[in-house]
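Chemist: Below is the structure I would like to discuss, written out as structure tokens.
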Amino acid sequence: MSLARRIADFVEQQYLSEEGDVRDNVERLFSEDLAYHVGGDLLGRDDLVAMGHAVRSTDRESRKFSLSDWEESGLTVRWHLSARLAGMGPDGGELQQESDLRAVFGTDGLVREVWSDDAESS
């Protein structure tokens, strides 16, 4: 399975179909020492678990994720994410996010580092 497909499957399972346990899903894809760069913040695996629980607590029918513009080169995958999540905006309304992401996998098949660039939310 391609690395890009593994990322797409994770998003589908974690956020849309809600398949599997949130922590298990994160641990199957992301290394224990993950460095996930979002703006000036650095997130780890526990942050992704918390995010998974938060997204799953929203209305499933109002979650929209679109992944596009895939590029895979060696152990690096790039893609664009569009997300709309009801109830997760700063004012409790809808969160809309557009992000260009880049993930680097280790030789063990787990994501070691992610950069979320030009993230916009409203």
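Chemist: For region 29-43, does any single residue satisfy the condition of being part of a helix (DSSP H, G or I), touching a residue at least 12 places away in the same chain (Cβ under 8 Å) and of a type in the set (G, A, S)?
Modeler: No - not one qualifying residue is present in region 29-43.
Chemist: Looking at region 64-75, is at least one residue over 15 Å from the mean Cα position of the chain (by Cα) and of a type in the set (G, A, S)?
Modeler: Checked region 64-75: at least one residue is over 15 Å from the mean Cα position of the chain (by Cα) and of a type in the set (G, A, S).
Chemist: Okay, next question. With respect to the numbered conditions (1) touching a Leu at 6+ places or on another chain (Cβ under 7 Å); (2) at pLDDT below 95; (3) part of a strand (DSSP E or B), which one is the sole condition not fulfilled by V77?
Modeler: Result: V77 fails condition (2) only.
Chemist: Cβ-Cβ below 8 Å, separation at least six or inter-chain, first residue in region 1-16 and more than 15 Å from L48 (Cβ to Cβ) and in contact (Cβ under 8 Å) with a residue 12 or more places away in the chain, second part of a helix (DSSP H, G or I) and not aromatic (F, W, Y): which pairs?
Modeler: L16/R60
Chemist: For region 17-33, which positions are charged (D, E, K, R) and under 14 Å from the mean Cα position of the chain (by Cα)?
Modeler: As a first pass, look at region 17-33 and keep what is charged (D, E, K, R): 18-19, 21, 23-24, 27-28, 32-33.
Selection gives E18, R23, E27, R28.
Chemist: Next question. S66 is checked against (1) more than 19 Å from L110 (Cβ to Cβ); (2) assigned to a strand (DSSP E or B); (3) in contact (Cβ under 8 Å) with a residue 24 or more places away in the chain and fails just one. What number does that condition carry?
Modeler: Failing condition for S66: (3).
Chemist: Quick check, is R56 surrounded by fewer than 17 Cβ atoms within 10 Å (Cβ to Cβ) and farther than 24 Å from R23 by Cβ?
Modeler: On the way: surrounded by fewer than 17 Cβ atoms within 10 Å (Cβ to Cβ): yes; farther than 24 Å from R23 by Cβ: no.
So R56 fails the test.
Chemist: Then there's this: Before we move on, is L48 of a type in the set (A, V, I, L, M), out of contact with any Asp or Glu (no Cβ under 9 Å at 6 or more places or on another chain), within 16 Å of V11 (Cβ to Cβ) and surrounded by 12 or more Cβ atoms within 10 Å (Cβ to Cβ)? Talk me through it step by step, then tell me what you get.
Modeler: Details: of a type in the set (A, V, I, L, M): yes; out of contact with any Asp or Glu (no Cβ under 9 Å at 6 or more places or on another chain): yes; within 16 Å of V11 (Cβ to Cβ): yes; surrounded by 12 or more Cβ atoms within 10 Å (Cβ to Cβ): yes.
Yes; evaluated as a whole, the condition is true for this residue.
The values are calculated or read from the model by the stated rules, or taken from the named source; none is laboratory data. Fair warning: this is a prediction, and the values are worked out from it, not measured in the lab. For neighbour counting, all protein chains shown are included, and Cβ atoms are generated from backbone atoms with ideal geometry for every residue, glycine included.
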